[in-house]
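Everything below concerns the one structure shown next.
The values are calculated or read from the model by the stated rules, or taken from the named source; none is laboratory data. Keep in mind that this is a model prediction, so the values were computed, not measured. In this analysis, Cβ positions are derived from the backbone assuming ideal geometry, glycine residues included, and neighbour counts consider all displayed protein chains.
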Amino acid sequence: MFHLRTCAAKFRPLTASQTIKTFSQNRPAAARTFRQIRCYSAPVAAEPFLSGTSSNYVEEMYYAWLENPKSVHKSWDIFFRNTNAGAPPGTAYQSPLPLSAGSLSTMARVQPVVGAQPNVDKLVEDHLAVQSLIRAYQVRGHHIAKLDPLGISCVNFDDAPVTVSSNVGFYGLDESDLDKVFHLPTTTFIGGQESALPLREIIRRLEMAYCQHIGVEFMFINDLEQCQWIRQKFETPGIMQFTNEEKRTLLARLVRSTRFEDFLQRKWSSEKRFGLEGCEVLIPALKTIIDKSSENGVDYVIMGMPHRGRLNVLANVIRKELEQIFCQFDSKLEAADEGSGDVKYHLGMYHRRINRVTDRNITLSLVANPSHLEAADPVVMGKTKAEQFYCGDTEGKKVMSILLHGDAAFAGQGIVYETFHLSDLPSYTTHGTVHVVVNNQIGFTTDPRMARSSPYPTDVARVVNAPIFHVNSDDPEAVMYVCKVAAEWRNTFHKDVVVDLVCYRRNGHNEMDEPMFTQPLMYKQIRKQKPVLQKYAELLVSQGVVNQPEYEEEISKYDKICEEAFARSKDEKILHIKHWLDSPWPGFFTLDGQPRSMSCPSTGLTEDVLTHIGNVASSVPVENFTIHGGLSRILKTRGEMVKNRTVDWALAEYMAFGSLLKEGIHIRLSGQDVERGTFSHRHHVLHDQNVDKRTCIPMNHLWPNQAPYTVCNSSLSEYGVLGFELGFAMASPNALVLWEAQFGDFHNTAQCIIDQFICPGQAKWVRQNGIVLLLPHGMEGMGPEHSSARPERFLQMCNDDPDVLPDLAEANFDINQLYDCNWVVVNCSTPGNFFHVLRRQILLPFRKPLIIFTPKSLLRHPEARSSFDEMLTGTHFQRVIPEDGPAAQRPDSVKRLLFCTGKVFYDLTRERKARSMEEQVAITRIEQLSPFPFDLLLHEVQKYPNAELAWCQEEHKNQGYYDYVKPRLRTTINRAKPVWYAGRDPAAAPATGNKKTHLTELQRLLDTAFDLEAFKNFS
């Protein structure tokens, strides 16, 4: 029986007019024919794999037959003739003779016989059954593939409604049909050059393609071209062939992978190293992906992975010096560079070398990763995106990423899902990632039946239509082939792909762990398991590819390399943490060969520059572009501010960004709704009100040769997107990369990135990063979910000592403070100071993360304005803004000095004015909280000798800044005076959700701040 798509491809469809004309001329016959067609094509139409074949499609074929009977297959010609002649349903079809040497000439002589009664139903059903059989193998062949090297797989398909079966009776066929010849559909490549095969051979070839050591999941992909591409790669007979040279290379790589772990075990048997035993094939797998990608033009590969096998990857894939790895095991050696460092199986590496297979240069970077196993996923994506951006690689042909995963983490950690959903977003895509899952079939001690609800750990990848290639890791050649296909897929379609290496873990979670406590049956089987190197070596020896002496010589050669490196590792001068750096910035820390000066120039600008940026910010630099009426008013207001030489928060940000673009600094602002701004204040992307998708970014029209400005709304993700932006900021110090939370307290779902990468990044990995976090913060009666950015958390993680007063006379004290801190925390009260701190972030001679608590109500507060005078050349960021009113004129008469930060300053000044206490109470704003401005605050305290000191904040007492500021203020004044508190009482939630309660609390803190008798009863 022929296939509908095959014959449909042979006829010429009629035009619409021809179809109508033909139908009208043959209406009675057509009606009868359509009834017959529907009788046989209805089950066909229900088969999705025919991709649109339906009764309508066959009706078109009938119209074509009416015009030219020779335009369709002979069997359809007979069917249509019999139907037109009045044959009743079920009798119009006559089967052509079985295909043979003379069948075609015989078929030509077959004449339609009206009234003949062949077993039409059986013939049609047999044809459809074969199609269903082929499809079943394509969809579900992986269910019965031999994927588990232990033979004890607990993957459960019991809930699957239909599975693949080689029992032909399941499909309505008989054993007698096994030797019948069936025409193959275009949706399979098992025939090779043959268009028809006996059913027995069809089944055999499907078994070979889908049910051996490779299981392919791809039929959920809704792109026919991609499905066909995968079918061709796995169904074509004889396609998985390797030359003897390739086999010898594979053996050598397995030797290195296996003997490296053996060497570490012999030398440091009691050390944790999270070795690769049980999945030694990972090393040749990764090298195959890299080789194939290099062959396709990739010259930079960025990798991320958990700790299992990291040392082996560093040694045998990245090609880090073995002595640098070995010396990490020597507890007597100390790192020659400052920084706490991290354990050896968390550290990263950057290396440029020649790929010996392709003879091309390739750069490899392995990003450092904490024990939060999948946390590095978005970081790798961001770094990859940045490298592509800076080298102009808009299609991902030069720079690519490889992510390694553990099976339990891949299924269990939500960041995997968040990262997948960034994979095809325009501002986040890296044009395809190769994911390699080291599938131990076990977590720490938890088996998969308790660790996930899906059959495979890789099922999360189906959400983005990524093909998934499961492969038995004890078949190295199958692994290599799958890895080649994965690299080719990524190069062809620039989409994600997953390689699931089904393996085992020969030891426990680490080398000290006893796995028999919880997995006795699995580990009894593992103890019997022959290592993959031994298996493959025996296979190649039996094939005559290598002989036993050659194999043993390969082992001896690598063992000697390890011993020599071990001897060199004893040199106490060899250990440098900088050798583990994964993102070097060559040339940034020096100027003309000398270390850069520890100073910062003025962050101010000329008035011409400010005015120019302001004018562009208040206009639409594109012709015939219709903007929203409300936005017209906003732009008009901006223009008036520029004329009056003032800026609000949005305009100050605009001027900081615009000026840095002029200086060649790329700016990337990312987060939820950042294009407009959560509070509708930014409007960096203008939308034409009449043309869909027509937008304008005025910031990119400021200067002739400016750097590009990227502003992009993100997916509704914090963990994934902040990790991505952190990775982007790693790539270059000459970029201002900012992530804005929709509300400041939403950063808590990205806390892992903050805790593991941003806060301790330099201390752990000697890696500077200048990422900026914009966190809207302020108690404004909006309830506990939209008030606090949790400043207490950031301040608690600052590394300065509250009890030590630094040397205030030190030259460049403020810059040295910044250099020594782990990050900078600010809460600006004026747009001008916000402008300066953004520019300072780039003009500093080093990079530190910057945490900015940004305002909400101050965005439109009439008093929250800054003059151009505060932003002109010669001006700087003010770490502290002192009192400049009447109290500063008569400091001896000031009775109370209030310290505060951020928005509460405006509440305090309003209340002070209402109480006519401008001469009795001075208010000093601490704009930079960390590193703490000891020098400036000491000057402020000394200025008001008769004033008692109080810290005032709108946050609750157990939150906010009080616990950070109080001990440092007391250290500043050598504990000469108490530091009182004016603010809200301690509470569990960040804020009340009741507006009246909020206002009552606010008034209470203001009463406390300005009641000069308030603190007398405290001892």
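Details
- Restricted to the range 544-562, and to residues there that are of a type outside the set (Val, Ile, Thr) and touching a residue at least 60 places away in the same chain (Cβ under 8 Å), the residue that is farthest from Leu254 (Cα to Cα) is Cys562.
- Looking across Asp407, Asp377, one residue alone is crowded, with 19+ Cβ neighbours inside 10 Å, at pLDDT below 95 and touching a strand residue (DSSP E or B) at 6+ places or on another chain (Cβ under 8 Å). It is Asp407.
- Those residues of the range 629-642 which are over 14 Å from Arg865 (Cα atoms) and among the charged types (D, E, K, R), in sequence order: Arg633, Lys636
- When residues of the range 277-306 are limited to those that are touching a strand residue (DSSP E or B) at 6+ places or on another chain (Cβ under 8 Å) and part of a loop (DSSP other than H, G, I, E, B), the one surrounded by the most Cβ atoms within 10 Å (Cβ to Cβ): Val281
- Some residue of the range 478-492 being acidic (Asp, Glu), surrounded by 22 or more Cβ atoms within 10 Å (Cβ to Cβ) and assigned by TED's automatic domain parsing to the domain that holds Asn439: no
- Extreme residue, farthest from the chain's Cα centre (by Cα), among residues of the range 380-394 that are of a type outside the set (A, V, I, L, M, F, W, C) and surrounded by fewer than 24 Cβ atoms within 10 Å (Cβ to Cβ): Gly392
- Qualifying residue in the range 254-262 (condition: hydroxyl-bearing (Ser, Thr, Tyr) and surrounded by 22 or more Cβ atoms within 10 Å (Cβ to Cβ)): yes
- Hits in the range 473-501 - residues which are touching a helix residue (DSSP H, G or I) at 6+ places or on another chain (Cβ under 6 Å) and assigned to a strand (DSSP E or B): Val497, Val498, Val499
- Lone qualifier among Lys578, Lys535, Lys560 - being modelled with pLDDT of 95 or more, under 38 Å from the mean Cα position of the chain (by Cα), assigned to a helix (DSSP H, G or I) and surrounded by fewer than 17 Cβ atoms within 10 Å (Cβ to Cβ): Lys535
Residues are listed down the side, and each one gets a yes or a no for (1) farther than 18 Å from Ala145 by Cα; (2) not assigned by TED's automatic domain parsing to the domain that holds Val471:
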site	(1), (2)
His213	no, yes
Cys227	yes, yes
Ile230	no, yes
Thr249	yes, no
Glu261	yes, no
Lys272	yes, no
Leu276	yes, no
Ile283	yes, no
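- Of the residues contained in the range 155-165, one or more are found to be buried (at least 20 other Cβ atoms within 10 Å of the Cβ) and either closer than 23 Å to Gln226 by Cα or at pLDDT below 80 (or both).
- Of all the numbered requirements in (1) assigned by TED's automatic domain parsing to the domain that holds Pro849; (2) surrounded by 20 or more Cβ atoms within 10 Å (Cβ to Cβ), His786 misses one, and that requirement is (1).
- When the strands (runs of 3 or more DSSP E) confined to the range 884-961 are screened for residues that are free of Cβ contacts under 8 Å to residues at least 60 places away in the same chain, those reaching at least 2 such residues are found at 896-900, 921-926, 948-956.
- Elements of the type helices (runs of 4 or more DSSP H) sitting completely within the range 599-675 and holding at least 3 residues that are assigned by TED's automatic domain parsing to the domain that holds Gly723 and touching a residue at least 60 places away in the same chain (Cβ under 8 Å): these cover 607-617, 649-662.
- Residue tally, condition touching a strand residue (DSSP E or B) at 6+ places or on another chain (Cβ under 9 Å) and either part of a loop (DSSP other than H, G, I, E, B) or under 19 Å from Leu651 (Cβ atoms) (or both), over the range 843-857: 7
- Residue selected from the range 703-724 under the condition in a loop (DSSP other than H, G, I, E, B) and surrounded by fewer than 21 Cβ atoms within 10 Å (Cβ to Cβ), by the criterion nearest to the chain's Cα centre (by Cα): Ser715
- In the range 962-988, the residue that is surrounded by the most Cβ atoms within 10 Å (Cβ to Cβ) out of those that are in a helix (DSSP H, G or I) and of a type in the set (D, E, K, R) is Arg968.
- Test: residue in the range 423-446 that is buried (at least 24 other Cβ atoms within 10 Å of the Cβ), in a helix (DSSP H, G or I), outside the structural domain of His213 (by TED's automatic domain parsing) and touching a Leu at 6+ places or on another chain (Cβ under 6 Å): no
- Taken over the range 838-850, the residue count meeting the criterion of being over 29 Å from the mean Cα position of the chain (by Cα) and not charged (D, E, K, R) is 3.
- Within the range 737-769, considering residues that are touching a Leu at 6+ places or on another chain (Cβ under 7 Å) and not in a helix (DSSP H, G or I), the one surrounded by the most Cβ atoms within 10 Å (Cβ to Cβ): Trp739
- Being out of contact with any helix residue (DSSP H, G or I) (no Cβ under 7 Å at 6 or more places or on another chain), among the β-branched types (Val, Ile, Thr) and in the same structural domain as Ser293 (by TED's automatic domain parsing) holds for only one residue in Thr394, Thr358, and it is Thr394.
- Scanning the range 256-272 for residues that are assigned to a helix (DSSP H, G or I) and of a type in the set (Lys, Arg) gives Arg256, Arg259, Arg266, Lys267.
Residue-wise test of (1) in contact with a Lys or Arg (Cβ under 7 Å, 6 or more places away or on another chain); (2) of a type in the set (Asp, Glu); (3) within 30 Å of Pro806 (Cβ to Cβ).
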position: Thr972; (1), (2), (3): no, no, yes
position: Lys977; (1), (2), (3): no, no, yes
position: Ala989; (1), (2), (3): no, no, no
position: Asp1007; (1), (2), (3): no, yes, no
